[in-house]
Amino acid sequence: MPDFAYVARDASGKKVTGTVDAGNPRDAAMQLANRSLFPIDVSLANTKALPADRLRSRKVKPQTMAVFYGQLASLLRSGVSMMRSLTVLSEQGTDKILRAVLHDIRSRVEEGEPLGNAMARYPRVFSEMAVNMVRAGTEGGFLEDALDRVGTFTELQEDLKGKTVSALAYPVFLFGVGSIVIGVLIVFFVPKFDPLFVRLREKGEMPALTDGLLAFSKMVQAYGIFVVIALIIVGFLFRVKLQSEEGRLLLDRWKLKIPVLGSILMNLSVARFCRVLGTLLGNGVPILRSLDISRAATGNRLLSMSVADASENIRSGESLAAPLRQSGYFPQTVVEMISVAEESNSLESVLPTIADTLEKRTFRRLDLFVRLLEPLMLLIMAALVLIVVLALLIPVIKSSSAI
């Protein structure tokens, strides 16, 4: 049983603190009453610093959640009761937030609340897909399989995210370091050459490249701070704009227009949609409900709108593939495979295969893109540094020739 920390007063009015083992706060309060103590505050010993409203706003790492789903499925499959399983995982867990959440869920389940409903109280910890699959598994008698699938899916999604971030990390690093180097050259190094070129400027022999570089350097020194402030303000306004549905839709549209990278991002979103939809269908979730959940998991609102149109088609008794083909966002091969799977009634098994194939193909393209991006970034940075160096050397060479 979990430990509950309490603050109470005894018969003489003296404040008493301590802990008590109980299944829930109500039992803890009853135990205190039996000891002639009047409880003032009763809370889980390891979550006293985390009020319920703050607890619901906290997140848990997806890797931790993937392990939790697998462990809960293993315990249930081994014959351990739900209450005992939740107790064991809450006591042995390494994540403070997850332990606190599991303590609360255990108390609610003990009071008769379904596991899925208790999980739904923590949307930042348990995804909508996980909650719906647990509900479907509880109703259909395949809760262990549903938890296994959720854990596997969560792990795959994190691997996908990790590969994408690691692939783009080095080019971003190159861009950042190169920008800093060029900025230092222009702000601190270039202005020191201005007094050396006074005679060339008086004679009208100053090269245009050098004159432009010096003028740009002076402008950065004079107005650079204002430019930085303006960029911060624009960034803040852009972030506020992204809070609206219109702004998010606009950003998703811009993402797809990025050369090469746009199609990669779209294919990853399609793969995520296929994996979620296939996982839900494979666990017995009705197709309309599965589409509602999976369209939210795509990460792209344009794609989500296309899936919403597909849902309307299915409500009208039509196929899923037709509106997906009309949207123009789904690759033709994917649409054809979905169409064939619909005819053979095998969507739940074909969709994960589509996701695997699409992810492998997309990662090959992403790997090639990154391999080309790295030397391209180096060339761009080298070219900018070369321009700065030439702009400063050409007048020096002219002055030496004149002497």
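Couple of notes before you dig in:
- Identity of the residue in segment 334-362, small (G, A, S) and crowded, with 18+ Cβ neighbours inside 10 Å, that ends up nearest to R272 (Cα to Cα): A355
- If you go through segment 277-304 and pick out every residue that is surrounded by fewer than 24 Cβ atoms within 10 Å (Cβ to Cβ), within 23 Å of the chain's Cα centre (by Cα) and part of a loop (DSSP other than H, G, I, E, B), you end up with 2.
- Residue within segment 214-229 that is at pLDDT below 85 and at positive phi present: no
- Residue identified as buried (at least 18 other Cβ atoms within 10 Å of the Cβ) and assigned to a helix (DSSP H, G or I) among L392, L386, L368: L392
- Candidates are the residues of segment 20-44 that are closer than 29 Å to I97 by Cβ and exposed (fewer than 15 other Cβ atoms within 10 Å of the Cβ); the one that is modelled with the lowest pLDDT is D21.
- Search result, residues across segment 217-262 that are free of Cβ contacts under 8 Å to residues at least 12 places away in the same chain, more than 30 Å from F188 (Cα to Cα) and either hydrophobic (A, V, I, L, M, F, W, C) or not in a helix (DSSP H, G or I) (or both): L237, F238, V240, L242, Q243, S244, L250, L251, W254, I258, P259
- Failed criterion for T17 (all others in (1) polar (S, T, N, Q); (2) modelled with pLDDT of 75 or more; (3) not in a strand (DSSP E or B) hold): (3)
- The set of residues from segment 190-206 being part of a helix (DSSP H, G or I) and touching a residue at least 60 places away in the same chain (Cβ under 8 Å) comprises V190, F193, L196, F197, R199, L200.
- Residue pairs meeting the criteria (Cβ under 8 Å; at least 6 apart or on separate chains; first more than 18 Å from S294 (Cα to Cα), in segment 112-141; second modelled with pLDDT under 85 and not in a helix (DSSP H, G or I)): G140/N283; G140/G284
- Within this structure, V187 fails the test of being buried (at least 16 other Cβ atoms within 10 Å of the Cβ) and in contact (Cβ under 8 Å) with a residue 12 or more places away in the chain.
- Restricting attention to segment 184-239, the residues being β-branched (V, I, T) and closer than 18 Å to V396 by Cα number 4.
- Residue check: E312 meets all listed conditions (1) in contact with a Pro (Cβ under 9 Å, 6 or more places away or on another chain); (2) crowded, with 16+ Cβ neighbours inside 10 Å but one, namely (2).
The values are calculated or read from the model by the stated rules, or taken from the named source; none is laboratory data. Since this is a predicted model, take the numbers as computed values, not measurements. Please note: Cβ atoms are built from the backbone with ideal geometry, for glycine as well, and neighbour counts cover all protein chains shown.
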